[in-house]
Amino acid sequence: MTAAAVVISERSLMEDESARSAWDRVDTTKPHSARVWDYLLGGKNNYAVDKEAGDTILRVFPAFAQVARLQRQFLIRAVRFLAGEVGIRQFLDIGTGLPTANNTHEVAQSVAPESRIVYVDNDPLVLVHARALLTSTPEGATDYIDADVRDPDRILEGAAATLDLTRPVALTMLSIAGQVPDAEDPKGLVQRLLAPLPAGSYLALSDGTDTNPALVAAVDSYNSRAAYPYHLRSPEAIASFFEGLELVEPGVVPTPRWRPAPGDRDASDPVSAVCGVAVKR
């Protein structure tokens with residue numbers, strides 16, 4: 001058995017115990033962003049309260065499901081770029097969400113089987129389903145950390161069990177900075193996560209913008225009942241998360257315009273979310 005396989009086996013055993021206790025923390029009385037996102041992407045790991053929240057969003061802003069799909073397409077393109085063109089072999093995916101098609105480890109390991117991926121989320125239902133995220137090629141490894149983005153020290157300490165933090169890491173943060181209000185300094189949290197990572201590491205980040213009144217109304221409706229409100233920001237504010245890094249082309253742009261692949265270009269409603277990828281020099 002390879003060392004990577006040993007990591008997977010040990011983590012799977014731990015997940016059995018964690019998954020049993022995680023059910024006790026699942027709150028089905030309030031919608032949770034990971035479950036609502038799962039519903040909007042056509043998944044089945046959600047509850048009636050999440051469907052209701054998702055349907056309310058769609059009534060106010062029918063294009064929201066499309067925004068969710070465009071975010072997912074950006075993740076796939078960014079990971080392929082980082083694993084393929086750049087040669088990154090380590091990924092720290094914060095705000096993982098519920099398992100779906102083309103998860104980070106599947107995309108990265110399809111390009112480079114030796115890739116190592118650590119997922120981070122604080123939704124107990126994601127923890128219950130984390131075993132689906134712990135599959136791996138024999139050459140690589142995956143791990144899952146039950147942690148909040150507001151605790152970067154815990155995240156980095158846990159990630160170090162699987163990733164070599166002296167070598168470049170790709171930090172992916174999709175729709176997670178928006179979970180943190182300005183009072184809790186989301187930009188500072190991004191910087192603290194990047195600080196110990198070496199030169200040659202990358203940040204791939206995307207979040208929703210406040211430029212579309214219909215989206216603002218939809219998110220306000222969601223926030224009125226959600227366990228964790230979502231905070232839309234201006235494209236300029238989202239671009240500020242990349243300060244101190246060197247953006248790769250085409251910079252911070254609407255998600256469908258970041259290196260679109262044949263077949264997934266969709267320029268409709270392009271300002272509801274922006275994204276970018278940048279390297280630490």
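The values are calculated or read from the model by the stated rules, or taken from the named source; none is laboratory data. Since the model is a prediction, treat every value here as computed from it, not as a measurement. Please note: Cβ atoms are built from the backbone with ideal geometry, for glycine as well, and neighbour counts cover all protein chains shown. Please note that ligands, DNA and RNA were not included when accessible areas were found on the heavy atoms of the full protein model with its side chains. Shrake-Rupley method; radii C 1.70, N 1.55, O 1.52, S 1.80 Å.
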Please work out which one of (1) modelled with pLDDT of 85 or more; (2) surrounded by 23 or more Cβ atoms within 10 Å (Cβ to Cβ); (3) closer than 24 Å to N102 by Cβ is the condition L58 fails and give its number. (2)
For the range 138-148, indicate whether the set of residues that are under 20 Å from G87 (Cα atoms), out of contact with any Ser or Thr (no Cβ under 7 Å at 6 or more places or on another chain), of a type outside the set (D, E) and open to solvent by less than 10 Å² (accessible area, probe 1.4 Å) is non-empty. no
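Within the range 217-251, which residues are of a type in the set (A, V, I, L, M) and under 22 Å from R72 (Cβ atoms)? Explain how you work it out, then say what you get.
Here is the first cut: in the range 217-251, the residues of a type in the set (A, V, I, L, M) are 217-219, 226-227, 232, 237-239, 245, 247-248.
A218, V219, A226, L232, I238, A239, L247, V248 - these are the residues of the range 217-251 that are of a type in the set (A, V, I, L, M) and under 22 Å from R72 (Cβ atoms).
Just one of S206, S224, S175 is modelled with pLDDT under 95 and either under 17 Å from Y119 (Cα atoms) or crowded, with 20+ Cβ neighbours inside 10 Å (or both); which is it? First the steps, then the outcome.
Details: S206 fails: modelled with pLDDT under 95; S224 fails: either under 17 Å from Y119 (Cα atoms) or crowded, with 20+ Cβ neighbours inside 10 Å (or both).
Criteria check complete, one pass: S175.
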Could you tell me which numbered condition P250 fails, if it satisfies all but one of (1) of a type outside the set (G, A, S); (2) at pLDDT 95 or above; (3) part of a loop (DSSP other than H, G, I, E, B); (4) under 20 Å from R150 (Cβ atoms)? (4)
Among what's in the range 97-148 and is closer than 19 Å to A160 by Cα and acidic (D, E), pick the residue that is nearest to the chain's Cα centre (by Cα). D121
So the check is Cβ under 9 Å with 6+ separation or different chains; which pairs have a first residue in the range 234-250 that's on the phi > 0 side of the Ramachandran plot and of a type outside the set (K, R) and a second one that's at pLDDT 95 or above and open to solvent by less than 60 Å² (accessible area, probe 1.4 Å)? G244/L194; G244/A278; G244/K280
